Amino acid sequence: METSSKQLRIGLAGLGNVGSGVYKNLLRNRDILLERTGVHLQVAKIAVRDPDRKRDVEVPPEMLTADWQELISDPQIDIIVELIGEGEEAFALITAALKAGKAVVTGNKAVLAKHGKQLVELSEQQNTPLYCEAAVAGGIPIIKAVREALIGNRIDSIYGIINGTSNYILTRMTTAGISFSDALQEAREKGFAEADPTLDINGWDAGHKAIILGWISYGRWLKPEEISVAGIENVSSEDVAFANSLGYEIKLLGVIRQGKDDERIEVRVAPSLIPRTHILSSVDGVFNAVAVHGNVVGETLFYGSGAGQDATSSAVISDLADAAENLMNDVGCTGFVPHGDYGEALPVEETLSQYYLRLSVVDEPGVLAQISSITGQNGIGILSVIQPEPKEPSEYIPLVLLLHDAPYGTVRSALEAVLALSSVGSEHTLLRVETLER
Ligand code: HSE
């Protein structure tokens, strides 16, 4: 990295919500950052799509350019902060910056989840760091925590509520009893959901973050097709009410873990029932929380704002401070290189958990026996059963089963057989129940 003395000259790509926060907060905490790092962290140039657009943050117009290549080709710029959003353009920008020997800070989880392996290899080849604290859980310093503070541990498991929008929606469905679509509308009105909330709702925003946590913990960039991702769009108010009555909260949960005797790595995201006795169940609203279990430290929990301008810019600035420290100490590639490379992906069919199964059944003798015969033949034990008394006559009534630990593939095939019974309707919900042990 070419440097000016005791200055880290930043090329900022993107001046949206987070980019504006980075600009504003670098100015706000300029003095303490200088005091702590010994380096002036100075934004030198900013690439935006439309330099003439009116913005919330005031920026000297001469700093703006519509061409991000200008940040890369400017020899005065030491480091690129990439905050332009998803897509191949961000990948091209990060690649070009690393090739030009400029360190990169990015918050781009989608690009890392898709191209992380290639980008980290390029960073190593170029001896040029790539930092990504802002890509996972916004303001919670989870990457630094796992990589640095927990370096003495084998990471047994990470359980994370890592999408604020989904958590807000599920919290409102639980506390206000409103429907998914009303809660989503509310999240939009309050500005929590993205303009296009597709990735929040279908689970993939959390999926991308889970892939990055898998890499940090186990050194493997699992491909999107190697992990299992489900979103909250099919969670109904009825399921929320049943889960609550059974002593659980429904949360969109990321699971990143490695078997005790099996080196294979499990990375998945799904709406899951969490026991009310576990602290993660009380993480409400737009907050995120990540529980990390290390074989030395035991249980740890990180809680905070997982999104938003200030929280996410705090993470970006921490990466800039690391870059400044490396600059002062003339260190080369010290981006987020994981501790090792430990094993393949565990296929989702083999992943184990308990389950919540809501069926709609005809209210007649023998139905439960037919269903339990199928679960029994598949080696799946039933933990409990609820069949609320029907309030009025109807063709189908709900039947809720909690199932013992079983491989997901076995449960899916048992479910297919159950749904083929003439006394069972097609409407059903299958959710994971996570005991969050270890
Ligand atoms: N849209 C995300 C969330 C924040 O709701 O948590 C950025 O990943």
**OP:** Could you list, in sequence order, all residues of the stretch 39-57 that are in contact with a helix residue (DSSP H, G or I) (Cβ under 7 Å, 6 or more places away or on another chain) and either open to solvent by less than 40 Å² (accessible area, probe 1.4 Å) or under 20 Å from GLY308 (Cβ atoms) (or both)?
**Re:** VAL39, LEU41, VAL43, ILE46, ALA47, ARG55, ASP56, VAL57
**OP:** With the checklist (1) within 15 Å of the ligand (Cβ to nearest atom); (2) of a type in the set (D, E, K, R); (3) at pLDDT 95 or above in hand, flag the one item GLU233 doesn't pass.
**Re:** (3)
Original post:
Any residue at all in the stretch 30-37 that is part of a strand (DSSP E or B) and within 15 Å of LEU8 (Cβ to Cβ)?
Top reply: no
Subject >> First in the stretch 142-158 and over 17 Å from TYR131 (Cβ atoms), second anywhere and in a helix (DSSP H, G or I), Cβ under 8 Å, 6 or more apart >> reply: ILE155/VAL146; ILE155/SER217; ILE155/TYR218; ILE158/VAL146; ILE158/LEU213; ILE158/SER217
Original post:
Tell me, which residue of the stretch 181-214 that is among the charged types (D, E, K, R) and crowded, with 22+ Cβ neighbours inside 10 Å is farthest from the ligand (Cβ to nearest atom)?
Top reply: LYS209
Subject >> Residue count for the stretch 243-257, restricted to those that are crowded, with 22+ Cβ neighbours inside 10 Å and either at positive phi or over 16 Å from the mean Cα position of the chain (by Cα) (or both) >> reply: 3
Original post:
Can you pull out the residues in the stretch 15-38 that are open to solvent by less than 30 Å² (accessible area, probe 1.4 Å) and in contact with a Ser or Thr (Cβ under 9 Å, 6 or more places away or on another chain)?
Top reply: GLY19, SER20, GLY21, VAL22, TYR23, ASN25, LEU26
Original post:
Going by the structure shown, is GLY366 within 16 Å of the ligand (Cβ to nearest atom), open to solvent by less than 70 Å² (accessible area, probe 1.4 Å) and at positive phi?
Top reply: no
Original post:
Can you name every residue in the stretch 160-180 that is away from the ligand (no atom under 16 Å from the Cβ) and either touching a strand residue (DSSP E or B) at 6+ places or on another chain (Cβ under 7 Å) or of a type in the set (Ser, Thr, Tyr) (or both)?
Top reply: THR174, THR175, SER179
Original post:
Of all residues in the stretch 64-89, which are in a helix (DSSP H, G or I) and free of Cβ contacts under 8 Å to residues at least 60 places away in the same chain?
Top reply: GLN69, GLU70, SER73, GLU88, GLU89
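The values are calculated or read from the model by the stated rules, or taken from the named source; none is laboratory data. This is a predicted model, so every value here is computed, not measured. Positions of Cβ are generated from backbone atoms using ideal geometry, with glycine treated the same way; all protein chains shown enter the neighbour counts. Side chains included, ligands, DNA and RNA excluded: accessible areas come from the protein's heavy atoms. Shrake-Rupley method; radii C 1.70, N 1.55, O 1.52, S 1.80 Å.
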